[in-house]
Every structure is written in structure tokens, then in C-alpha cells.
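The values are calculated or read from the model by the stated rules, or taken from the named source; none is laboratory data. These numbers come from a predicted model, not from an experiment. Cβ coordinates were reconstructed from backbone atoms using ideal geometry, including for glycine residues, and neighbour counts include every protein chain displayed.
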Amino acid sequence: MVRLADLVESEQAHLRALPLPTYKTMPWVAGPSGPERRVALVTTAGLNLRGEQPFRMGAGADYRVIPATADSGDILMNHVSVNFDRTGFQDDMNVVLPLDRLKEMAVDGEIGSVAAYHYSFMGATDPVMLEPKARELAGMLKGDAVNAVILTPV
Amino acid sequence: MCGLAHFFEDEGISTVVIALVREHAEAIRAPRALWVPFELGRPLGAPNEAAFQRKVLTAALELLDPSEGPVVLRDFPEDAPGPKAEEVTNWVCPVSFPASDIEGPEAPAAALAREIDALAPWYQVSLDERGRTRVGVSSMGVPEAAQFVAGFLDQEPANRPVHDQPVSLALKDASADLMSFYFEAATAQPGRKSSGEVERWFWTGTTAGQVLKDVRLKCLDSADDKVKFVAAKLMLPKSMGG
């Protein structure tokens, strides 16, 4: 797993039919060296904090903020799709949002620091709709001095 | 995912995508992507495998080192530890449910309530062992969520907010909480189990799975297009016929 051929046929067909964006430009920012890296996580797992407004169908490409200090027990998954495993996340959020691992890497000097805030979008969102919020979020990331983002899907 | 990377790089922030579907990463041409051969839902490989998760992160961050950009797609060379999604480990749920002999219009709701009671001790074990739960997407407790979902078999609720949410979303969220309760209770015991086994157990071996499938079928004919959409797209995995 996961090559498309490994999935059930209906799931293969669904993933093959997804509209994939193409871009006219190919932006590329040189990565900072290890000790200079301030790393944020951005996921499309549809995570939100317990008690806050969950993602809503048709509400656009919204995102939720996950503070680095958030208690793991307060992070819920509200993704619309039922076509992926959730038991891993239920056991350990790091299998989707590896915040604890990043903190360990910062302590060990493998990266410089961990961002104060991390973010979640809802997957299965039309990529075209993501652009305004993604650019808005980039400003917030830069405000947090983030210079490297790791993106995780589900 | 890869689209987000494009926009962030365009705004001056370097990125690495951990990609689960290689074909998508190839097609979108993210600036940097690490394809990982793990099952959907597990981009870091496996739960409670800190060393392995770190290995994945290290491999991802290595792509930030000077490289041959502007498009780099590298394959992570190892499989995730633990059973594969479809592996048969002979895992069994710690609770065996009695066959329901209740008949009549109240039967599914009553059988579901009894099943939840039977699983409750194991859900408590999960709470004690894990120190938290992922149940809570809806604003209902599990018994209320179960009765709300089962109620669709009798009659679809009137189209008015349920805990401030439209009926369609309340159905989706209550179903999600019900599944989380079952999965957490059933997997509370340590030991080898595959995600596929747990999924099959839920959908083919529990009253809850049967109730959700029956509710889905009924809601496919709903007059509420949003309820119909939830039933068609968001209730039953494709691997189970959804």
C-alpha cells in the first residue's frame, strides 16, 4: 500500500477520477539548513479541536488552528471521507500529525524549532478553492517565523 | 495537499509533502514529495512507533537539503511496521454479541443500545489506557448518537437543527462518533490486529454496522438532498460496498 492498484476497484476509480490541478509556474524555495528550520505541520486530515466548530460540507476551503500546546486528547478528526483507516489516529495522533516527534527532533537539535501553530484543512476539497486560504495561511506561517512546512494527507 | 505546497512555495516557504498516493504526487508535481508505501490514513506509517515515525520525518526533511529541484519525488524505502491493512491476524473483538431476537420496529434501536452497553467496559479500558478519546465530533453522547441514527429507520427526523447542526451533518457526525466508540472499545486490548479486520468486524459483525447500512439505504431515498448526499458518499466505505 498505497499504489492505486492495491485498492479496491471502486476506490481506485474514485482516486483516478479526482480532478488534479496543474500549475503554470513551478515555485521553489531553497530549504533552510537543519538547525535553521522552524517547522510547521499542515494536514488535510480534517482535524479540529474538541468544542470548536467542525468543518462543514460546502463551507469552502476553511482551516483550523492547532496550537503546538494542544492536548492530544482534544484533537478530533472530522474528515468527510470514510475511505481510509481511522484506528491509527485513534491510537496515536502522531501517525497523522507528528507533533510529538517534531518536538523531540527540536530537543535533539535535528531541527531548530517547532512552530507555535499548526493547521488542518479538510481533504477532498477542490484545490482551486484552497488558494485564497492557503495564501492567507502562508502569511500567518511567516508571522510565526516558519520556514519549512511538512504537509500530511490521510 | 500538493496544491497547498505549490501556494506555500509561491509565498516563499519551503515545503515537503508526505504523499500516500504516488500517482497523484507524480501528476501534480509538488516541489518536494516523499512517497510513503503506507495505508491511507497513516502517513507516518503506524501508531505508537515513535522511532519509525521519526525516520519518516527525517527522510521528509532531507528533501529540504540542497537538491535538484524544482520537482523532487522520492520513495520512502520501508514498509510500515505492524500488520498490513488486509492481513489476517485472527484478532477477535473482546466482546461477543448475542444474536438479536428482538423483533418489531424498535428492534434495531434496542439491539444497538444493548450492544453499546456490552462494549462500554472496553471503551472504559480504552479511556484508561489511552487517556483520551476521539469520540466527540457530534454534540451527542454515544447513546444519544446511536438512538438518533437508528431513529432514521423509523422515520427521518424533521428538517430542523439537531444540536445546532442540519440533520444531514448530525447524521454524519453521529455516525462518526458511533464508529469511533466501537473502534476504540474493540481495539482497547493490546496485540496484533489489522485495520482491515477491525473494519470488517464493524461492518459485518455488529448491529451498529448493520444499522448504519440500513439507515444509509433508507436515506438514499430521502427528500433532503443533503441527507441523500451523506448516505451516498459519507457513510459506507467503498471497500464495504459504499
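A few comments on the model shown:
- From the list A:Ala61, A:Ala40, A:Ala70, A:Ala30, the lone residue that is assigned to a loop (DSSP other than H, G, I, E, B), at the interface with chain B (Cβ under 9 Å from one of its Cβ atoms) and not polar (S, T, N, Q) is A:Ala30.
- Number of the exception - B:Leu73 against (1) more than 7 Å from every other protein chain (Cβ to nearest Cβ); (2) among the hydrophobic types (A, V, I, L, M, F, W, C); (3) within 26 Å of the chain's Cα centre (by Cα): (3)
- Filter result for the condition that a residue is away from every other protein chain (no Cβ under 13 Å) and either surrounded by fewer than 22 Cβ atoms within 10 Å (Cβ to Cβ) or in contact (Cβ under 8 Å) with a residue 24 or more places away in the chain (or both), over B:Ala50, B:Ala113, B:Ala59, B:Ala33: B:Ala113
- Helices (runs of 4 or more DSSP H) (entirely within the stretch B:154-223) containing at least 1 residues that are loosely packed, with under 15 Cβ neighbours inside 10 Å and over 17 Å from the mean Cα position of the chain (by Cα): B:207-219
- Yes/no for B:Arg130 being touching an Asp or Glu at 6+ places or on another chain (Cβ under 8 Å) and assigned by TED's automatic domain parsing to the domain that holds B:Tyr182: yes
- Condition met for B:Val137 (in the same structural domain as B:Asp224 (by TED's automatic domain parsing), under 30 Å from B:Leu220 (Cα atoms), of a type in the set (A, V, I, L, M, F, W, C) and part of a loop (DSSP other than H, G, I, E, B)): yes
- So A:Arg56, is it over 24 Å from B:Leu127 (Cβ atoms), assigned to a helix (DSSP H, G or I) and not aliphatic (A, V, I, L, M): no
- Filter result (crowded, with 23+ Cβ neighbours inside 10 Å and among the acidic types (Asp, Glu)) within the stretch B:1-30: B:Glu9
- Members of the stretch B:3-60 that are of a type in the set (Gly, Ala, Ser) and part of a helix (DSSP H, G or I): B:Gly3, B:Ala5, B:Ala25, B:Ala27, B:Ala50, B:Ala51, B:Ala59, B:Ala60
- Residue selected from the stretch A:1-24 under the condition in a loop (DSSP other than H, G, I, E, B) and within 7 Å of another protein chain (Cβ to nearest Cβ), by the criterion farthest from the chain's Cα centre (by Cα): A:Val8
- A:Ser81 vs. criteria within 21 Å of B:Leu61 (Cβ to Cβ), in contact (Cβ under 8 Å) with a residue 24 or more places away in the chain and of a type in the set (S, T, N, Q): no
- Qualifying residue in the stretch B:77-84 (condition: acidic (Asp, Glu), out of contact with any Phe, Trp or Tyr (no Cβ under 7 Å at 6 or more places or on another chain) and either under 30 Å from B:Gln155 (Cα atoms) or modelled with pLDDT under 90 (or both)): no
- The single residue among A:Val146, A:Val114 that is within 11 Å of another protein chain (Cβ to nearest Cβ) and more than 12 Å from B:Gly3 (Cα to Cα) turns out to be A:Val146.
- Flag for A:Gly51 being assigned to a helix (DSSP H, G or I) and either surrounded by fewer than 22 Cβ atoms within 10 Å (Cβ to Cβ) or more than 7 Å from every other protein chain (Cβ to nearest Cβ) (or both): no
Listed here are the residues, each with its yes/no results for (1) crowded, with 18+ Cβ neighbours inside 10 Å; (2) modelled with pLDDT of 95 or more.
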residue: A:Val65; (1), (2): no, yes
residue: A:Ala68; (1), (2): no, yes
residue: A:His79; (1), (2): yes, no
residue: A:Asn83; (1), (2): yes, no
residue: A:Asp92; (1), (2): yes, yes
residue: A:Val95; (1), (2): yes, yes
residue: A:Leu99; (1), (2): yes, yes
residue: A:Asp126; (1), (2): no, no
